[in-house]
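A short write-up of the structure that comes next.
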Amino acid sequence: MTANGKGVSLRLENCAKTYPGGIQVLSPMTLEIARGETVVLLGPSGCGKTTTLRIIAGLIQPDHGGRVLFDGVDVTSVPIEKRNVGMVFQSYALFPNMTVAGNIGYGLKIRHVPKAERRKRVDAMMQLVGIDTLHDRRVDQLSGGQRQRVALARAVACQPRVLLLDEPLTALDASLRDRLRTDLNQLFRSLGITTIYVTHDQGEAMALGDRIVVMTKGTIAQVGTPDEIYFRPANRFVAEFIGAANILEGPLQSEVMLLPGGQLHIDGGRTGDTAVAMVRPEAIGIVSPDGASWTGRIQTKIFLGDRLRLTVAEAATSAIVVDASNRLVVQVGDRVGLTVPNGSVRLLTS
Amino acid sequence: MSSRMFVALCLAPLLIVAAAFFVLPLARLVVVGASGPDGAAAYLAILTEPRYRESLVATVILAVATTVATLITATIVGLFVQRHDFPGRSVLVALLTFPLALPGVVVGFMIILLAGRQGLIGEVARALTGQRLVFAYAAGGLFLGYLYFSIPRVILTIMASVEKLDPQVEEAARALGAGAWAVHRDVILPALVPAFIASGAICFATAMGAFGTAFTLATRTDVLPMVIYTEFTLNANFAMAAALSVGLGIVTWAALAVSRSAAGTSVAAAG
Ligand SMILES: Nc1ncnc2c1ncn2[C@@H]1O[C@H](COP(=O)(O)OP(=O)(O)OP(=O)(O)O)[C@@H](O)[C@H]1O
Ligand SMILES: [Mg+2]
C-alpha cells in the first residue's frame, strides 16, 4: 500500500446544486484535483462543503449542466454504488449488526472476494489503522477513536478511486483529534489515494491538505496550498477565516498606507482612495517608539505561554493584535513602535 | 428509612391491586380448570381430546400465518410509505390505520360483505368464471379478518422504526458497492429486527385471542376462543372452559416471553 498516485484525477465542471424549494446552495463551481492529491474543503457551517462532497460521491446529482469526471470520464449519472468511492461520515455510520471485521470486509464481500483473501485484506487494513486486536469486537463496544479507525479501514479496504471524508474528526475530543490528525496525514501519504477531506477546522485543513479549497456561501473563495491561503489570501473573507488577521484600512499614497498611528509600507501599493490590507499578528514586531514610523499604545497583554498576545490601540482605526515573543517586557499603557517586514502586508480586494 | 423500604412502600398499592384483580382471578381460573369431573386431567384433555387439540393447533397456525403475512405486508408498505413522498400519502396512511378504530365484530361483518355468500368477491368471480367464490366462513375468511386488524398496528410500528434509521448507514453500504437489494438485506432489515419481534409478538397474541371476528363469521374452523365460549355458554362446562383458557394463556405468554428474550439479544447485537 505504498505506491503513490493511486486513484483518479477528478474534475468538477460547473457543478451547482439547487434543492427542491428553489434555493441554490451551490453556485456553479469548477474544480480540478490531481491524482493522489489530498484536497481539503474548508468553510463555515452551511457553505456547501457536504453538498460538494455528495456530488462527487454520487449521492446527489448536480443541477443540469454540471459534470463530474473521474480520469476524464463523465460519471455524473453513475450511482454511488458503481463509482467505487470510499466514504467516511462524521457519525462513522458503522453497521451495528456486524463485527469490526464484518464492517471492514463488507465491500469485499459485496465484490465476492473469496473468504480467505477477504480475511487477509481485512487483517492488513486493521494493521494499517492500528486496530488489529479488535477483529471480532461488536461496534458498540468501541471507543470513538476506534470507531473512526474502523470507518476509515472500511472505506479504503476496496481500494477506492477517491476517498471522501466528511468531518471525520469532529465528533472526537480535542486531544484525540490532534493525535488522529497526525495519523490521518501519514495514512493519506502512504495510501496515495486521491482524497477529499471536508472540515470547518482550519488547523485540520492546514495539516492535511496539499491544497485547500476555501468556500463561503456556496462559492469557492480561494484554492491554494496552505501557505498560499495563509500568506496570500485572495480576499478579506479568506484572510479573516484563516488564522488571526489584522485588517487595516486607510488611504494609500504610492507604497505607503496612512494610518492613525503613522505610516505603513506596502509593496505594490498604488495611490488610491481607501485600501484594505491584511497583516498577521506574528508578522508585527514591537520596537522602541523613538523614530518608529508606526506606533501605538498597548491596550491588553495576555501571556499564552509560547507567546505574548498584545492588543495595540491607536495604531489603526481599530485595535490590532500582535503576537510577540514570550520574553518581551512591556506594560499595558506603554507606547510602542511597530514594524512589519517587507512583503508581510497584503493588499486585499474586499 | 432505607431506600429499599421506600420503594417497597410505594409499590405496595400496586401489588395489592395486582393481587386482587389479576393474580386472584388467574389462580381461581387454574383451580376451576381442575375442578371438573376429570380433575386436573382436564388440562391433559386439551392435548388428548381431538376437538380441543385440533382447535389449539388451528389457532396457533392461524396466528403464526397472520403474524408472518402481516409482518411481510406491513414491512413492504411501511418502508415504501415512509421512504417516498407522493400526493395523497397522508390520506393513504390514514386509510391504512383506519381499521384500528373498528372492533372485531365489524371486521367480521366486512369480511362477510367482501367474501360472503352475497359478497363482492363472489359476484366478481361469478361474472368472470361462472363460479361463486365464497371463503368468508372458512379459515381464509378468518385469516383475512385477522390480517385486516393486525396490519395497521404493525405498519405504525414499522414506520416509526424506519423513520429512525440512520440514512448515512445506508449511504455507507451503497458507497461500498451495495445495490438496493443488498442494502435492504444487510442494513435495513437487520435494523428493523427489534421492531419485527416486538410487533410480531403483539400481532401473534392478538390473533390467538381474537374473538369478535370469529364469532361474527361463525366459521367452520373452530378457534380456541370460540371453543372456550361454546364450552362456557352452551355446554356450561366451566372446568373445561377454564382449562382451555389457561392453555391459551400459556401458549400466548410463552410466545411473548420468547420474543422478549430474542428482542433482548437482538437489541444488544444491534447496539
Ligand atoms: N436536503 C436538503 N434540502 C434543502 N437544503 C439543504 C439540504 N441539504 C443541505 N441543504 C442546505 O444547503 C446548504 C449547504 O449545506 P451543506 O450540508 O453542504 O453545508 P456544510 O458546508 O456541509 O455545513 P456543515 O459544516 O454545517 O456541515 C445549507 O444551507 C443547508 O441548509
Ligand atoms: Mg457538512
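The values are calculated or read from the model by the stated rules, or taken from the named source; none is laboratory data. Predicted model, so just to flag it, every value in this text is computed and none were measured. Here the Cβ positions follow ideal geometry from the backbone for every residue, glycine too, while neighbour counts run over all protein chains shown. Protein only, heavy atoms only, side chains kept; ligands, DNA and RNA dropped before computing areas. Shrake-Rupley method; radii C 1.70, N 1.55, O 1.52, S 1.80 Å.
Observations, loosely collected:
- Among the candidates B:155, B:151, residue that is more than 14 Å from chain A (Cβ to nearest Cβ) and touching a Leu at 6+ places or on another chain (Cβ under 7 Å): B:155
- Test: residue in the stretch A:152-167 that is part of a loop (DSSP other than H, G, I, E, B), open to solvent by less than 60 Å² (accessible area, probe 1.4 Å) and within 16 Å of ligand 2 (Cβ to nearest atom): yes
- Residue match in the stretch A:18-37 (condition: under 24 Å from residue A:199 (Cβ atoms), in contact (Cβ under 8 Å) with a residue 12 or more places away in the chain and within 14 Å of another protein chain (Cβ to nearest Cβ)): no
- Which listed residue is at the interface with another protein chain (Cβ under 10 Å from one of its Cβ atoms) and exposed (fewer than 14 other Cβ atoms within 10 Å of the Cβ), from A:127, A:141: A:141
- Which listed residue is at pLDDT 90 or above, away from ligand 1 (no atom under 16 Å from the Cβ) and farther than 30 Å from residue A:146 by Cβ, from A:100, A:85, A:78: A:78
- Identification of helices (runs of 4 or more DSSP H) wholly contained in the stretch B:176-271 with 1 or more residues that are open to solvent by less than 20 Å² (accessible area, probe 1.4 Å), of a type outside the set (A, V, I, L, M, F, W, C) and out of contact with any Phe, Trp or Tyr (no Cβ under 6 Å at 6 or more places or on another chain) yields B:189-209, B:212-217, B:224-233, B:238-270.
- Test result for residue A:188, among the aromatic types (Phe, Trp, Tyr) and either open to solvent by 40 Å² or more (accessible area, probe 1.4 Å) or under 24 Å from residue A:16 (Cα atoms) (or both): no
- Count of residues meeting criterion [out of contact with any helix residue (DSSP H, G or I) (no Cβ under 8 Å at 6 or more places or on another chain), away from ligand 2 (no atom under 16 Å from the Cβ) and polar (S, T, N, Q)] in the stretch A:1-52: 7
- Taking the criterion of being on the phi > 0 side of the Ramachandran plot and free of Cβ contacts under 8 Å to residues at least 40 places away in the same chain, the only residue of the stretch A:103-142 that qualifies is A:112.
- Among the residues making up the stretch A:77-102, those that are touching a residue at least 40 places away in the same chain (Cβ under 8 Å) and either within 16 Å of ligand 2 (Cβ to nearest atom) or more than 28 Å from the chain's Cα centre (by Cα) (or both) are A:87, A:88, A:89, A:90, A:91, A:92, A:93, A:95, A:96, A:98, A:99, A:100.
- Exclusive hit being closer than 18 Å to residue B:107 by Cβ, among the aromatic types (Phe, Trp, Tyr) and modelled with pLDDT under 85, set B:215, B:204: B:215
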